[in-house]
1. Residues in the stretch 30-81 that are surrounded by 10 or more Cβ atoms within 10 Å (Cβ to Cβ) and under 24 Å from the mean Cα position of the chain (by Cα): how many?
2. Within the stretch 147-158, is even one residue surrounded by fewer than 21 Cβ atoms within 10 Å (Cβ to Cβ), assigned to a strand (DSSP E or B) and aromatic (Phe, Trp, Tyr)?
3. Does any residue in the stretch 54-83 that is touching a residue at least 60 places away in the same chain (Cβ under 8 Å) come within less than 6 Å, Cβ to Cβ, of a residue that is within 16 Å of the ligand (Cβ to nearest atom) and aromatic (Phe, Trp, Tyr) six or more places away or on a different chain, and which pairs are these?
4. Quick check on the stretch 228-240: of everything there that is away from the ligand (no atom under 11 Å from the Cβ) and part of a strand (DSSP E or B), which residue is farthest from the chain's Cα centre (by Cα)?
5. Filter the helices (runs of 4 or more DSSP H) completely within the stretch 168-227 down to those with at least 2 residues that are within 13 Å of the ligand (Cβ to nearest atom).
6. Mind checking whether some residue in the stretch 84-98 is in a loop (DSSP other than H, G, I, E, B) and loosely packed, with under 11 Cβ neighbours inside 10 Å?
7. Of everything in the stretch 99-118, what is part of a loop (DSSP other than H, G, I, E, B), surrounded by 15 or more Cβ atoms within 10 Å (Cβ to Cβ) and more than 16 Å from the ligand (Cβ to nearest atom)? Give them in sequence order.
8. Select, from LEU143, LEU163, the only residue that is aliphatic (A, V, I, L, M), surrounded by 14 or more Cβ atoms within 10 Å (Cβ to Cβ), in contact with a strand residue (DSSP E or B) (Cβ under 6 Å, 6 or more places away or on another chain) and not in a helix (DSSP H, G or I).
Amino acid sequence: MKPKTLSTEVIWTTEVDRSILRKFFHNNSISKRYLTSVQIKKVLKNKQWENKTGINLRIYEPKTSLEKILYSRRSRRKINGKKITINEISKLLQFSVGITDKENGYFAYPSPGALYPCTLFLSLDLPGFNNVLYRYNPYQHKLEEYCYDSGQVAGNSIIDDELRKFPIKIFFTSDFQLLEDKYGELSYRLLNQEIGHIAQNLLLYAESLGINATCIGGFYEYEFQKKVPEYDLLYVMVVG
Ligand SMILES: Cc1cc2nc3c(=O)[nH]c(=O)nc-3n(C[C@H](O)[C@H](O)[C@H](O)COP(=O)(O)O)c2cc1C
């Protein structure tokens with residue numbers, strides 16, 4: 001019998017898969033309905049803080065509109081009942097996550113290497129829009145019909161019953177294209193940092209429109225992936 005030999009392709013592959021660490025961590029931090037490695041426990045202690053002498057800073061009343069919005073923002077877990085139009089959704093997306101500098105291709109939020117790895121999906125329980133899961137295309141400022149979702153399958157990924165009732169659900173996803181080519185093992189951290197910026201923009205803009213919103217870490221990614229298997233789901237927000 002001929003002895004087995006390694007192909008030259010294997011011998012000379014020195015580049016490791018730069019997504020191994022991300023996949024390992026991601027797969028071990030996913031909430032599952034019946035069996036989970038994620039355990040949420042009640043914390044009864046207060047954060048320990050050792051006071052030190054230093055500069056006492058003056059406290060101001062919020063005056064400018066930005067200060068007032070920053071001051072009043074809260075996670076509001078009940079729908080406020082205000083009718084939301086597609087034009088308000090358009091503004092929410094344009095100013096929070098859209099392209100704000102066409103010439104240079106910059107968005108409303110900072111992004112590692114200006115690669116913009118996060119992609120948003122939206123489920124809209126509004127008349128005329130409720131059978132489709134949309135993907136936001138910032139390059140054309142357009143809600144693309146990604147797939148049919150008449151059963152609100154994507155929305156069922158939200159664990160909390162009350163939050164699931166919100167009419168607008170925003171799913172923060174990534175397919176890691178380009179990001180891992182450039183940043184390798186740093187990518188997962190960078191992506192989550194970017195998502196924090198996006199979420200805060202959306203929360204503050206919703207606050208300015210007088211619409212309630214809450215960001216959600218409690219979701220079942222595998223439910224969402226029944227509709228969108230190509231992307232990882234990293235964060236969810238409800239608006240309404
Ligand atoms: C990463 C992250 C995940 C969160 N997940 C949830 C969640 O699953 N459900 C929920 O009701 N609130 C969630 N929240 C909201 C926090 O509970 C809320 O921000 C916190 O209680 C402080 O209240 P405030 O946002 O009104 O200032 C989350 C917040 C963050 C930043």
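The values are calculated or read from the model by the stated rules, or taken from the named source; none is laboratory data. Computed from a predicted model, the values in this text were never measured in an experiment. Using ideal geometry, Cβ is built from the backbone for each residue, glycine included, and neighbour counts are taken over all protein chains shown.
1. Keep residues of the stretch 30-81 that are surrounded by 10 or more Cβ atoms within 10 Å (Cβ to Cβ), which gives 30-32, 36-38, 62, 66-80.
Next, only the ones that are under 24 Å from the mean Cα position of the chain (by Cα) stay: 30-32, 36-38, 66, 69-80.
The total comes to 19.
2. Yes, the stretch 147-158 has at least one match.
3. Here the result reads ILE79/PHE166, each pair linking the stretch 54-83 to a residue that is within 16 Å of the ligand (Cβ to nearest atom) and aromatic (Phe, Trp, Tyr).
4. Initial filter on the stretch 228-240 (away from the ligand (no atom under 11 Å from the Cβ)): 228-233, 239-240.
Then drop every residue that is not part of a strand (DSSP E or B), which leaves 232-233, 239.
Working: ASP232: 10, LEU233: 7, VAL239: 13 Å.
Checked the stretch 228-240; the qualifying residue farthest from the chain's Cα centre (by Cα) is VAL239.
5. Values: elements: 179-183, 187-209, 221-224.
Counting at least 2 such residues, we get 187-209.
6. Of all residues in the stretch 84-98, those in a loop (DSSP other than H, G, I, E, B) come to 84-85, 98.
Narrowing the set further to residues that are loosely packed, with under 11 Cβ neighbours inside 10 Å leaves 85.
Yes.
7. We begin by selecting, within the stretch 99-118, every residue part of a loop (DSSP other than H, G, I, E, B); these are 102-105, 108-111, 115-117.
Next cut, surrounded by 15 or more Cβ atoms within 10 Å (Cβ to Cβ) only: 108-109, 111, 115-117.
Once the filter is applied, which keeps residues that are part of a loop (DSSP other than H, G, I, E, B), surrounded by 15 or more Cβ atoms within 10 Å (Cβ to Cβ) and more than 16 Å from the ligand (Cβ to nearest atom), the stretch 99-118 yields ALA108, SER111, LEU115, TYR116, PRO117.
8. Details: LEU163 fails: not in a helix (DSSP H, G or I).
Exactly one residue qualifies, and that residue is LEU143.
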